[in-house]
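The values are calculated or read from the model by the stated rules, or taken from the named source; none is laboratory data. Since this is a predicted model, take the numbers as computed values, not measurements. Quick reminder, even Gly has a Cβ in these numbers, built from the backbone with ideal geometry, and neighbours come from all protein chains shown. When the accessible area is computed, the model is the full protein with side chains, heavy atoms only, and any ligands, DNA or RNA have been set aside. Shrake-Rupley method; radii C 1.70, N 1.55, O 1.52, S 1.80 Å.
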Amino acid sequence: MAMTRLVSAMFSVAVVLATAGLARAHWVDGKVFCDNGNGIFDDGDTPIDGVEVKVTSLSDASVMRTDLTGDNTPVGSTGPGDWRTYVPSITDDYKVQLSGVGIPPGASVILPIGGMYSPVHIEANPPGDHVDNLNFLLVSCVPSTTSSSTSSTSTSSSSSSSSSSSSSSSSSSSSSSTSTSSITSTSSTSSTSTTLPTHFQCYEEKKTRSIPGISLVDEFGASTVNIVRRRRICNPANKNDEDPIAPTLLDHLIGYEIKQVSPRFNRVLAQTVANQFGSITLDLIKPVRLLVPGTKSETPPAPPLGTPTIDHFKCYKAKHTSGTPRFSRVNGVTIVDQFGSRTLTVIKPTKFCAPANKNDEGVLDPDRHLLCYLVRANPPFIGQQRTVYIEDQFGADTLTVTALREFCVPSVLNPNGPGTTSTTILTPTTTSSTEVPPTTTSTTIPASPSGAFFDRR
């Protein structure tokens, strides 16, 4: 009988310990890396500290956890670039993404595709009570925190004997005879953090606007272009809930059709472009558009332009380089902008936009490009007409928006260096087909969409 009671007591203790362990053993974790230039996770990538990862329940948005990489908390997050968050001990699904805090200026997430893991499924009981290795890969990275320290010391003495001593925690100066000494030390430390770069949802508008003789300089050279007509209004957009404040931003992009008058443009071949949808190799066919910072309102007048916080962009018609994998369409991309919420099917890239120095006005960020994709929206925008009021450097105007056209994504040009011809495609999690040749990640050829979705210029 005594033995039976002892066994029963030991079993009860074991159950209690197991239950206590479960209460704190539900977690998700991973690392954040800076890419070494090949667009994939490998040993050459560099861990990044100080980047905030956000984990949100899909069933209850109030259940949200965050952790900074490399801060060694909570327990289990012990190495460079590491993060870990504990979640409730229940069965639930989560989305895991970077909050934007601590991302190096100019950097963008290329893995996972779309910038987040969702859904991440956690079970109430082992072995599904945790998910490991939810890693993020960034390109165009620099350290997220910079420190600078300056010191100056001036000493004057009225005698020939003086001395000074200092330690790492304090400094002192002393002098003999009648010396006088003055020591001044100043130091400053600055930390820089940035949010994710802005995406833009572009809508069609056609209005003749002739402006000749505009000077543009980008990484492909200097040119003179004429504006022929206005073609687009591009709203800042919140993609997949990565940038909730985007629909409130003042700066928009106004798109003008251009014709390059000098010099004659020669095609630029085999340019690798990387972004959250992966990487693709493109030929730049000809200049077709100038994107100009502007403001927009659906009630008059448009807000004053002020000093733009985004660049001008010179955009080129782009097509995939022959012999390289085509883009695999991406389904289920959600966007919210000032015209509402929609779900996009991203079909293919059509225009590559480089930051441009217009009329010697300068460039804010020479490394941040845009790749604009043909998209199909649900619910569709076709058939709607919205009157909006805009202002840009060319003046104020009223225009009518008639259709949704491109979705423009912050991108990096030639992440492996100039002249590279990398053809790695990072396959999205949801695509229209699953054709996978053995020598590439994916060479899916997207089906032709309805003619109503093509920009016919």
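Things worth noting here:
- The phi torsions of the range 128-136, fed into the Karplus equation with coefficients 6.51, -1.76 and 1.60 and a -60° offset, translate into couplings of x, 7, 7, 10, 9, 6, 7, 8, 10 Hz, rounded to whole numbers, with Gly and Pro shown as x.
- Under-5 Å amide H pairs with residue 350, H placed in peptide plane, nonlocal only: 372, 373, 374
- Near the amide H of residue 108, within less than 5 Å, lie the amide hydrogens of 139, all on another chain or at least 5 residues away, with H placed in the peptide plane.
- Bridgeable lysines around residue 54 (alpha carbons under 23 Å apart, same-chain partners fewer than 8 residues away excluded): 31, 95, 239.
- The aspartates and glutamates within cross-link reach of residue 207, meaning a Cα-to-Cα straight distance under 14 Å and a gap of 8 or more places when in the same chain, are 257, 397.
- Alpha-carbon centroid distance for the pair the range 360-385 / the range 208-229, whole angstrom: 19 Å
- Given charges at Cβ of Lys, Arg, Asp, Glu: the range 280-359 dipole, positive-most of 282, 312, 347: 282
- Hits among aspartates and glutamates - C-alpha to C-alpha of residue 319 under 17 Å, sequence gap 8 or more where chains match: 283, 406, 455
- Distant-in-sequence amide H partners of residue 87 (H built 1.01 Å from N, under 5 Å): 26, 27, 28
- Surface composition of the range 194-257: carbon plus sulfur atoms contribute 54% of the solvent-accessible area (1.4 Å probe, protein chains only, all chains present).
- Phi angles across the range 365-381 convert, under the Karplus curve 6.51 cos²θ - 1.76 cosθ + 1.60 with θ = phi - 60°, into 3J(HN,Hα) values of 9, x, 9, 9, 10, 10, 10, 9, 10, 5, 9, 10, 10, 10, x, x, 9 Hz, Gly and Pro given as x.
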